[in-house]
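Novice: Sharing a structure here in structure tokens format.
The values are calculated or read from the model by the stated rules, or taken from the named source; none is laboratory data. Not measured: the values here are computed from a predicted model. Glycine gets a Cβ as well: all are built from the backbone with ideal geometry, and neighbour counts include every protein chain shown. Just so you know, the surface numbers come from the protein's heavy atoms only, side chains and all, with ligands and any DNA or RNA stripped out. Shrake-Rupley method; radii C 1.70, N 1.55, O 1.52, S 1.80 Å.
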Amino acid sequence: ETRPHWLTVSTVKENGVTTHYVGTYTDITERKAAEELLRESDLRWKFAIEGSGDGVWDTNLQTGESQYSKRWKEMLGYTDEDILPTRQEWLKRIHPEDQSHVATSMQAYLEGKTPSYVVEYRLRCKDDSYQWILARGIIVSRSDDGKPLRMIGTHTDITDRKQHEQQLEHIAHYDALTSLPNRVLLADRLHQGMIQAQRRGQRLAVAYLDLDGFKAVNDNHGHETGDQLLITIASRMKQALRESDTLARLGGDEFVAVLTDLADIEASVPMLTRLLSAAAEPVHIGDLVLQVSASLGVTFYPQSNEVDADQLLRQADQAMYQAKLAGKNRYYVFDAAQDSSIRGHHDSLERIRRALISQEFVLHYQPKVNMRTGVVTGAEALIRWQHPEKGLLPPGVFLPVIEDHMLAVEVGEWVISTALTQMEIWHAVGLDIPVSVNVSARQLQELNFVDRLRETLSRHPNIRPGCLELEVLETSALEDMTHISKLIESCRSIGVKFSLDDFGTGYSSLTYLKRLPVTTLKIDQSFVRDMLDDPDDLSILQGILGLATAFNREVIAEGVETMAHGAMLLQLGCDQVQGYGIARPMPAHELPAWAATWRPDSSWVDLYRISRDDFALLFAGVEHRAWIVAIERFLKDEGKMLPPLDQHECRFGKWLNIEGILRHQTHPDFQPIFELHQQVHELATELLKLHLHEQKEQALARLPELFTLRDALLEQLKKLLLRKDH
């Protein structure tokens, strides 16, 4: 029988010369048998693992040398002929986000802190893609002092499982239509943001958005088109925010934005403005061009009183309704202090009902005038609450509370009756003007609205029904077109007129305008207020005036705040206006004296309606003002978009070099415009250089120079526009 032995031989030397050898024979039969058993066990284990589809690895922890099974290589895209990375190189191919976790797990196992090595991570394949791996390992050999020598384990491809988990995670936390965070993820983000705001001593803003006019899109073009509109608007609004902010969809056309890391409340203004702009941009879907807007309510955290996340959402929601009431396409800041002080007094239906019974409501009247003729053409009745403790409160404080309640009908009928009574009083002192009254959507929904109106008019026989005008919001009118059209016709049959309020803010349509038999279109103040500095608003205004002419409707513009607003409207052909630049709403007894003394501003005298050919000249002035505003905003770090500095590339420069030359180059007032325009751009370039070289204060100090040049250029344009050779 042959048995294995271990031979050990040593030499014996005398005087440096080997004289003989001494050795031992050790029978290692049992050890060899144990090694063979271990080898066969490894082979059986590896064979079993390979059969399961897992990859096998075997690592010498002392040398770092590793062996990998064929399946292991295939999983990562390698072949037997490939030279595999070293163990250190493999560690570098672990995804950067997972490296620390893998190292910690391995260290804990080698130190005996965990019973086994099990870890999930992403490993980079041969083609540089990442694969999710479930790694399991176990130490199979240790030194006499217990030091790990050898470790074997498996790799399981769990990419499909991870992708499925991610899909489930997405479904649980994200909106299916827009891929924005849903209510669940919003709650978590808001909670974390509140903690962060407290820790860092910063502000957090919660903005609640609701799209204006979206229902009309769904009703007229179908839900599929409505969904595409939501997807596009959601994407634009998300791009308008920073990476650290969260935009979530609550459902329908309602969204919530959480704005973090705000130094103060003012820091949120640029983002709120961008959100509104993103929501109001036209959307092209097939052959359709759709446009809605958004009403936005915002509240801030922390507050003087402790509030939770749900309270913040309710506050922002309440502020959003205030924005809708104020005319839509705007934001409204929740007043936490006011809300806290008056909540228990009049933010309840019962308190408002008592106010109505106690005659605490009053009407103020804002005049309407014809700027060209100087005639006071009417007045709008506006409700106020003369609160015994809080003083005179605006309608935004109490009307939202009753918006969907029967009490809105009672208050609305009180307004009509009180206005008619006041008209009788004015008539007795020689003031005979029409009065317009705002009618809520809830009041219009009453089936007996016309009968009740007829009955109210009968109690005031000295007032002609034609002197009463009912104003209905465009968005309210479009919610039930058939009903509103019939109602308006019925009111017209008894002599009462209708006007469409805030025209242009809803889903305006030629078909709707044709079907609604209103007498007057009221241009929303948002377009009038910004038309001097925003060419787009001026375009909208011009378009509305064209529609009014085409459909034989009267038109009146709200929001005239300055004489310049009035002059622009006169030149566009809009003579009837109202606004703070004419008069603020006033108590009824003050109106007769005001009407008797009001005269048009001297700057309006002899202003004529410009021809269509000169619209471009009018727009050129507005485009130049808009360019100056953009420069100013950039210098004040309020705007990130730098307008064109090349004098030939700005919108005014393009007009000047093409249409301006073609139509006006022979006129003596035209040449100075070229020189002034060049000076404006040269000065703006100087200021921007100062700004970019951290000399911001010097740049801002020279802004008046820029405004002086602007005014001089605009004055030259005005001379050109008013030249006598028209």
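Novice: Pull out the extension gain between residue 464 and residue 108, defined as 0.36 nm times the separation in residues minus the alpha carbon to alpha carbon distance; nm, one decimal.
Specialist: Result for the pair: 118.9 nm of gain on full extension.
Novice: Calculate the spin-label point distance for residue 129 paired with residue 196, positioning each point 7 Å from the Cα along the beta-carbon direction, and give it in nanometres.
Specialist: In this crude spin-label approximation the distance works out to 3.3 nm.
Novice: Right, something else. Hey, what angle do you get for helix 671-692 against the long axis of the chain, alpha-carbon based, 0 to 90 degrees rounded to 10?
Specialist: 40 degrees
Novice: Right, next: Can you work out the Karplus-derived ³J(HN,Hα) for every residue in segment 488-496? Use 6.51 cos²θ - 1.76 cosθ + 1.60 with θ = phi - 60°, whole Hz, and x for glycine or proline.
Specialist: Rounded to whole hertz, the list is 5, 4, 5, 5, 5, 5, 9, x, 7.
Novice: For the Cα atoms of the chain, what angle does the longest principal axis make with the long axis of helix 223-239, in degrees from 0 to 90, nearest 10?
Specialist: Result, in degrees: 70.
Novice: When ligands, DNA and RNA are left out and all protein chains stay put, how many square angstrom of accessible area per residue does the chain have with a 1.4 Å probe?
Specialist: 51 Å²
Novice: How much FRET efficiency would the formula 1/(1 + (r/R0)^6) give for residue 562 and residue 168, where r is the Cβ-Cβ distance and R0 is 45 Å, rounded to 0.05?
Specialist: Efficiency at R0 = 45 Å is approximately 0.20.
Novice: Of the accessible area of the chain, with the probe set at 1.4 angstrom, what percent is carbon plus sulfur?
Specialist: Here carbon and sulfur together make up 50 percent of the probe-accessible area.
Novice: Right, something else. One quarter of the convex hull surface, Cα atoms only: what value does that give for segment 401-475 in nm²?
Specialist: If you wrap the Cα atoms of segment 401-475 in a convex hull and average its projections, you get 5.3 nm².
Novice: In addition: In sequence order, what are the phi-derived ³J(HN,Hα) couplings for segment 601-617 according to the Karplus relation 6.51 cos²θ - 1.76 cosθ + 1.60 with θ = phi - 60°, rounded to whole Hz, with x for glycine and proline?
Specialist: 5, 4, 6, 8, 5, 6, 6, 10, 6, 6, 6, 4, 5, 9, 4, 4, 5
Novice: With a 1.4 Å probe and all protein chains kept in place, how much accessible area does residue 97 have, in Å² rounded to the nearest 10?
Specialist: About 140 Å², ignoring ligands and nucleic acids.
Novice: At a Förster radius of 41 Å, what calculated FRET efficiency corresponds to the Cβ-Cβ distance of residue 160 and residue 662, to the nearest 0.05?
Specialist: For residue 160 and residue 662, the calculated efficiency is 0.05.
Novice: Would you tell me the accessible area of residue 245, worked out with a 1.4 angstrom probe on the heavy atoms of the protein chains, in Å² to the nearest 10?
Specialist: Probe radius 1.4 Å; accessible area of residue 245 about 20 Å².
Novice: Heavy atoms only, probe 1.4 angstrom, no DNA, RNA or ligands counted: give me 173, 589, 427 ranked by accessible area, highest first.
Specialist: I get 589, 427, 173, largest accessible area first.
Novice: For the chain, max minus min Cα coordinate along each principal axis, in Å, sorted largest first?
Specialist: 147, 68, 49
Novice: Same structure again: Using the Karplus equation 6.51 cos²θ - 1.76 cosθ + 1.60 (θ = phi - 60°), what ³J(HN,Hα) coupling, rounded to whole Hz, does each residue of segment 586-592 give in order, writing x for Gly and Pro?
Specialist: Working through the residues one at a time gives 9, x, 4, 6, 8, 5, x Hz.
Novice: Something else: Can you check what the Kirkwood hydrodynamic radius comes to for segment 243-312, Cα pairs only, in Å to one decimal?
Specialist: After inverting the mean inverse Cα-Cα distance, the result is 14.3 Å.
Novice: Would you mind putting 447-456, 137-146, 649-658 in packing order, based on average other-beta-carbon counts within 10 Å, highest first? Numbers along the way, then the final one.
Specialist: Working: 447-456: 14.7, 137-146: 12.3, 649-658: 17.7.
My ranking of the peptides, most packed first, is 649-658, 447-456, 137-146.
Novice: If you don't mind, there's one more thing I want to ask. Which of the aspartates and glutamates could be linked to residue 390 by a straight reach, that is with a Cα gap under 16 Å, when you skip same-chain ones fewer than 8 residues away?
Specialist: 335, 339, 347, 360
Novice: Here is a follow-up. Collect residues whose amide H, placed 1.01 Å from N in the peptide plane, falls under 5 Å from the amide H of residue 117; neighbours closer than 5 in sequence don't count.
Specialist: The list, which skips near neighbours in sequence, is 137.
Novice: Mind pulling the angle between the C-alpha long axis of helix 336-346 and the longest principal axis of the chain? Nearest 10 degrees, somewhere in 0 to 90.
Specialist: Roughly 60 degrees between the two axes.
Novice: Turning to a different aspect of this structure: Order the peptides 460-472, 395-407, 250-262, 290-302 from the highest to the lowest mean number of other Cβ atoms within 10 Å of their residues. Don't skip to the answer; put the middle values down first.
Specialist: Values: 460-472: 17.8, 395-407: 16.2, 250-262: 19.9, 290-302: 22.8.
Highest-to-lowest ranking by the protection proxy: 290-302, 250-262, 460-472, 395-407.
Novice: To the nearest Å, what is the center-to-center distance of segment 685-726 and segment 365-437, using C-alpha atoms only?
Specialist: 43 Å
Novice: Provide the gained length on full extension for the span residue 694 to residue 654, in nm with one decimal, where the gain is 0.36 nm per separating residue minus the Cα-Cα distance.
Specialist: 11.3 nm
Novice: Three principal axis extents, largest first, for the C-alpha atoms of segment 599-726, in Å?
Specialist: 49, 39, 23
Novice: Let me ask you something else. Residue 483 versus residue 455, label points 7 Å from Cα toward the beta carbon: distance in nm?
Specialist: 2.0 nm
Novice: Taking a probe of 1.4 angstrom, what is the accessible area of residue 127 in Å², to the nearest 10?
Specialist: 110 Å²
Novice: Residue 92: which aspartates and glutamates have alpha carbons under 20 Å from its alpha carbon, excluding same-chain residues fewer than 8 sequence positions away?
Specialist: 58, 65, 74, 82, 120, 127, 128, 157
Novice: Largest first, what is the accessible-area ranking of 170, 667 with a 1.4 Å probe? Provide the component values of the computation, followed by the final result.
Specialist: On the way: 170 75, 667 40 Å².
Descending accessible area places them as 170, 667.
Novice: Which value, in Å³ per residue, describes the convex hull spanned by the Cα atoms of segment 114-212?
Specialist: Dividing the Cα hull volume of segment 114-212 by its residues yields 223 Å³.
Novice: A further question follows. Once you have the Cα-Cα distance between residue 421 and residue 100, take 0.36 nm times their residue separation minus that, and quote the gain in nm to one decimal.
Specialist: Residue separation times 0.36 nm, minus the Cα-Cα distance, leaves 107.5 nm.
Novice: Counting only DSSP beta bridges with both residues in the chain, tell me the antiparallel percent, nearest 5.
Specialist: 75 percent
Novice: Please get the size of the charge dipole for the chain, origin at its Cα centre, with Cβ charges of +1 on Lys and Arg and -1 on Asp and Glu, quoted in debye to the nearest 20.
Specialist: In debye, rounded to 20, the chain gives about 420.
Novice: How do 519, 482 rank by accessible surface area computed with a 1.4 Å probe, from largest to smallest?
Specialist: 482, 519
Novice: Then there is this: Over all directions, what mean area does the Cα convex hull of segment 197-259 project, stated in square nanometres?
Specialist: Numbers: hull surface 18.7 nm².
For the Cα atoms of segment 197-259, the hull's average projected area reads 4.7 nm².
Novice: State the Cα centre-to-centre distance between segment 562-583 and segment 598-619 in whole Å.
Specialist: After rounding, the separation between the Cα centres reads 10 Å.
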